[in-house]
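The block underneath contains the structure these notes are about, expressed in structure tokens.
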Amino acid sequence: MILINYKIADIVFQFSTEYSLKIKEELSLFYTDDKNVDFRYNIEARNLHHNNGFKKIFSNLKKEVYKNNNNYILYYTELKKKGFYLSVLKNSSKNREIYVKKQFINICKNLSYLIEHIDIHSDFLSKGALILHSSYIIHQGNAILFTAPSGVGKSTQANLWKQYKYAEIINGDRSIIREKDGIIHAYGLPFSGSSQICKNKNAPIKAIILLEQGNENKIYDLKSSYILKFLLSQVAVNRWDKSELLKAMELIENIIGKVPIIRLSCLPDKGAVEIVDNYLSELEGGEIK
């Protein structure tokens, strides 16, 4: 039996299986010998879980979810309409069972793929951590997160900060937000969409930038209700699970109270960098309240 532990946002996940796993370089950055495991995932090649006595509560083209008291079974399909190939049994304890149909076990030996496709965000949420769709940079020891729907320009703005302010890009597609010692931090993740940029680093968040494309570089005042709605649209959460949705809203409201959040209408140029940098400098100096 192979046992391997990863620490992501100070949360330890253990994966166990009898199969040799393919570990991508980005995932190896999160390896830990910390034995204080928060969640255990056991991976087996076998028939999927039976859902007798379970009630279907959600379905879409990629997933079906069944519930019985505090037990959930999630079935996944991604393989060109070949039916469900993977199921996960979750309950209120920290143990999870992953069953993979034998003919698909080679695909699921890629542990990065598996982690990204088993709703692991629910475990993060239970520990007070949010996965945000965002480009995450560190500038002068602090994190700046650019968040927006796909195609708006998160990666573009991150690259502009790298070019003009020598910022370090930590993840081009997602970040984890979690409070640590009363300070809101950003953490890296071992997957990063098409950006292929992911590092295992954390830093206090200096600002979260809500991006939109515009004809000029301009910062707008924001109402808390707008921020909540925007951020909720960009976090990973099962919207069919009321308790999970409420937990995500609670965490976002805490973030709003502790982190500067800016709405930026921008162009893909140096001016977008300068307007944010100047604003944050004025904010830090007490010139903006």
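The values are calculated or read from the model by the stated rules, or taken from the named source; none is laboratory data. Remember, predicted model here, so these are calculated numbers, not experimental data. Neighbour counts run over all protein chains shown; Cβ positions are idealised from the backbone, glycine included. We work out accessible area using only protein heavy atoms, side chains counted, and drop any ligands, DNA or RNA first. Shrake-Rupley method; radii C 1.70, N 1.55, O 1.52, S 1.80 Å.
What aspartates and glutamates does Lys90 reach when the alpha-carbon gap must be under 19 Å and sequence neighbours fewer than 8 apart in one chain are set aside? Of all the aspartates and glutamates, those that pass the test against Lys90 - Cα under 19 Å, at least 8 places apart if same chain - are Asp38, Glu44, Glu64, Glu116, Asp119, Asp123, Asp241, Glu244.
Taking a ≥ b ≥ c as the square roots of the Cα gyration tensor eigenvalues, with a/c under 1.5 meaning rounded and otherwise prolate when a/b beats b/c, else oblate, which class fits segment 127-173?
Working: a/c = 2.97, a/b = 1.24, b/c = 2.40.
Because a/c hits 1.5 or more and a/b fails to exceed b/c, segment 127-173 counts as oblate.
Given axes a ≥ b ≥ c from the Cα gyration tensor, I'd like to know whether segment 233-289 is rounded (a/c under 1.5), prolate (a/b larger than b/c) or oblate. It comes out oblate by the Cα gyration axes.
Note down the Stokes-Einstein diffusion coefficient of segment 133-289 in µm²/s, whole number, using a Kirkwood radius over alpha carbon pairs, 4 °C, and 1.567 mPa s.
Details: Rh = 15.7 Å.
It comes out at roughly 82 µm²/s.
When the charge dipole of the chain is built from unit charges on Cβ atoms (+1 for Lys and Arg, -1 for Asp and Glu) and taken about the Cα centre, the candidate among Ala9, Thr156, Ser20 whose Cα reaches farthest toward its positive end is Ser20.
Using only alpha carbon pairs under 8 Å that are at least six residues apart, calculate the relative contact order of the chain and give it in whole percent.
Values: 597 pairs, mean separation 42.2, N = 289.
Computed over the chain, the figure is 15 percent.
A straight line joining the Cα centroids of segment 213-289 and segment 157-204 runs 15 Å. Using the alpha carbons alone, the radius of gyration of the chain stands to its Kirkwood radius in an Rg to Rh ratio of 0.99. For segment 1-34, the residues whose amide N sits under 18 Å from a probe point set 7 Å from the Cα of Phe104 along the beta carbon direction are 19, 22.
Ignoring lysines fewer than eight residues from Lys102 along the same chain, the ones with Cα atoms less than 16 angstrom from its Cα are Lys82. When each full DSSP H helix of the chain is screened for a Cα extent of at least 24 Å along its own axis and an average Kyte-Doolittle hydropathy of at least -1.0, the helices passing are 242-258.
Fully extending the segment from Phe54 to Tyr31 would add 4.7 nm, taking 0.36 nm per residue of separation and subtracting the current Cα-Cα distance.
Extending 7 Å from Cα along the Cβ direction at Glu179 and again at Lys165 yields two label points whose distance is 2.6 nm. Whole-Hz Karplus values for segment 120-136 come out as 5, 4, 5, 5, 4, 4, 5, 9, x, 10, 10, 8, 10, 5, 6, 8, 10 Hz, taken residue by residue from phi with 6.51 cos²θ - 1.76 cosθ + 1.60 and θ = phi - 60°; glycine and proline positions read x.
Suppose the chain between Tyr113 and Arg239 were pulled fully straight at 0.36 nm per residue; how much longer would it get relative to their current alpha carbon spacing? Mind showing how you got there, number by number?
Numbers: separation 126, 0.36 × 126 = 45.36 nm, distance 2.23 nm.
So the extension gain works out to 43.1 nm.
Cross-link reach is defined here as a Cα-Cα straight distance under 17 Å, omitting same-chain residues fewer than 8 places apart; for Lys109 the lysines meeting it are Lys22, Lys24, Lys101. When you work out D = kT/(6 pi eta Rh) for segment 20-106 at 20 °C and 1.002 mPa s, using the Kirkwood radius from C-alpha pairs as Rh and the Stokes-Einstein form, the result is 147 µm²/s.
Taking Cα centre as origin and charging only the Cβ of basic (Lys, Arg, +1) and acidic (Asp, Glu, -1) residues, the dipole magnitude of the chain rounds to 1200 debye. Overall, segment 110-221 carries a charge dipole of about 320 debye about its Cα centre when +1 sits on the Cβ of Lys and Arg and -1 on the Cβ of Asp and Glu, all other atoms neutral. Which of the three applies to segment 65-209, rounded, prolate or oblate, going by the alpha-carbon gyration tensor with a ≥ b ≥ c and a/c under 1.5 meaning rounded? Prolate is the answer for segment 65-209, as a/c is 1.5 or above and a/b outweighs b/c. Between Met249 and Asp277, the simple label model (points 7 Å from Cα in the Cβ direction) yields a spacing of 4.0 nm.
In the context of the full set of protein chains, residues of the chain present 49 Å² of accessible surface per residue (probe radius 1.4 Å, heavy atoms only).
Note on the chain: with neighbouring protein chains present and a 1.4 Å probe, carbon and sulfur make up 46 percent of its accessible heavy-atom surface. Couplings 3J(HN,Hα) of segment 102-107, computed from phi: 4, 5, 10, 5, 5, 5 Hz, in residue order, whole Hz [Karplus 6.51 cos²θ - 1.76 cosθ + 1.60, θ = phi - 60°; x for Gly and Pro].
Rounded to the nearest 0.05, what FRET efficiency is calculated for Leu267 and Leu222 with R0 set to 25 Å and r the Cβ-Cβ distance? For R0 = 25 Å, the calculated efficiency reads 0.80. Within the shell of other residues whose beta carbon sits under 12 angstrom from the beta carbon of Leu3, the net charge comes to 0, with Lys and Arg scored +1 and Asp and Glu -1. The charge dipole of segment 133-197, taken about its Cα centre with unit charges on the Cβ of Lys, Arg, Asp and Glu (plus for the first two, minus for the last two), comes to roughly 100 debye.
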